[in-house]
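J.: If you scroll down you'll find the structure; I have some questions about it.
The values are calculated or read from the model by the stated rules, or taken from the named source; none is laboratory data. Treat the numbers as computed from the prediction; the structure is a model and nothing was measured. Counting neighbours? That spans all protein chains shown, and the Cβs are built from the backbone with ideal geometry, glycine included.
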Amino acid sequence: MNYPVIKGASYALVHAPDLVLHLGTTQTSEALKNPNSEHLQNLPKHLRTFAEAVQYPPNQVYIGNLEPDALAGIPKPWYENPVEGAQRFGRFGEIMPLDEFYGLMKIVDAFDLVHLEDSFQNQVRDKLVEHPVMKDLKDLGKLDKAGATREAIEDLVAKDLAEGMYLDGQLVGCVKRAHEFDPALTHHVMFENLASKASAVLALMHLFAKTGLKPEEVDYIIECSEEACGDMNQRGGGNFAKAIGE
């Protein structure tokens, strides 16, 4: 009899402060009922930069650059005691900045819902082709095509046909809705779905790189995020395992 064993593990963190501001459940709910609330006004002052996120001791533990026991020797609060010389890449994975993550969302988008502003897309492409793991993605060439104009993106967002993709408060892209009427395929839901898929692909690519496992050797993928894909007829009809594998 064969018994399953764990032969490797990988992790990925994405630093996405603009998603907290524009898509976080608390923020979107608060904006509807009290758009001038003290919480919404003060929140931007409490967000960490990418460098601060990389230097945060628990994050360094998560990606394998520190042992968990090392936290006992670091004074609390940990956000006031950053790890000097911390790196974004670690033994188990990485901490990815938001601009690269937007590029990854574009790469894993199978239905042309993600539109990135042309100059921004070119900048992200130049970074991802040098990425130690992402450079091997089969659909990286999607970033070679012409991006969208800023005016076109602004128009889609203004007409509520797409969810804005912001970077440091600037609109750099959008995610369009997948259906005109289906509430399960709104631009907000599609943004969540693509973010879930992209972050899983990031972790999976690190798993391949760190274990030597080949994609063609994988027979089955189990995906267990909180999101579920589907439409109005089958709203939670499936997870993203097949899409991640593809």
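J.: Here are some residues: VAL108, VAL54, VAL124, VAL129. Which one is touching a Phe, Trp or Tyr at 6+ places or on another chain (Cβ under 7 Å), modelled with pLDDT of 95 or more and of a type in the set (Val, Ile, Thr)?
T.: Going through VAL108, VAL54, VAL124, VAL129 in turn, the sole match is VAL124.
J.: Also: If we scan segment 102-118, do we find a residue that is outside any loop (DSSP other than H, G, I, E, B) and over 16 Å from the mean Cα position of the chain (by Cα)?
T.: Yes, segment 102-118 has at least one match.
J.: Take the residues of segment 210-235 that are under 19 Å from the mean Cα position of the chain (by Cα) and small (Gly, Ala, Ser): which is modelled with the highest pLDDT?
T.: It comes out as SER225.
J.: A further question follows. Taking segment 139-168 only, how many residues are small (Gly, Ala, Ser) and either in a helix (DSSP H, G or I) or out of contact with any strand residue (DSSP E or B) (no Cβ under 7 Å at 6 or more places or on another chain) (or both)?
T.: Residues meeting the conditions: 4.
J.: Can you pull out the residues in segment 6-35 that are part of a helix (DSSP H, G or I) and either touching a Ser or Thr at 6+ places or on another chain (Cβ under 9 Å) or among the aliphatic types (A, V, I, L, M) (or both)?
T.: Within segment 6-35, PRO17, LEU19, VAL20, LEU21, HIS22, LEU23, GLU30, ALA31, LEU32 meet the criteria.
J.: ALA178 fails exactly one of the following numbered conditions: (1) under 16 Å from the mean Cα position of the chain (by Cα); (2) surrounded by 15 or more Cβ atoms within 10 Å (Cβ to Cβ); (3) in a loop (DSSP other than H, G, I, E, B). What is the number of that condition?
T.: Condition not satisfied by ALA178: (1).
J.: Also, I was wondering about something else. Restricting the first residue to segment 1-28 and requiring it to be under 19 Å from VAL61 (Cβ atoms), which pairs with a second residue that is among the aromatic types (Phe, Trp, Tyr) and assigned to a loop (DSSP other than H, G, I, E, B) meet a Cβ separation below 8 Å and a spacing of at least six or different chains?
T.: ALA9/PHE92; SER10/PHE92; TYR11/PHE92
J.: In this structure, does GLN123 turn out to be closer than 23 Å to ASP155 by Cα and either in a strand (DSSP E or B) or of a type outside the set (A, V, I, L, M, F, W, C) (or both)?
T.: yes
J.: Output the number of the condition that GLY93 fails; it satisfies all remaining conditions of (1) surrounded by fewer than 15 Cβ atoms within 10 Å (Cβ to Cβ); (2) in contact with a Ser or Thr (Cβ under 6 Å, 6 or more places away or on another chain).
T.: (1)
Matching residues to (1) surrounded by 14 or more Cβ atoms within 10 Å (Cβ to Cβ); (2) charged (D, E, K, R):
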site	(1), (2)
GLU163	yes, yes
GLY169	no, no
LEU213	yes, no
GLY230	yes, no
GLY236	no, no
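J.: Of the residues in segment 168-193, how many are on the phi > 0 side of the Ramachandran plot and among the charged types (D, E, K, R)?
T.: 1
J.: Do we find that GLU180 is out of contact with any Gly (no Cβ under 7 Å at 6 or more places or on another chain) and closer than 19 Å to GLY238 by Cβ in this structure?
T.: No.
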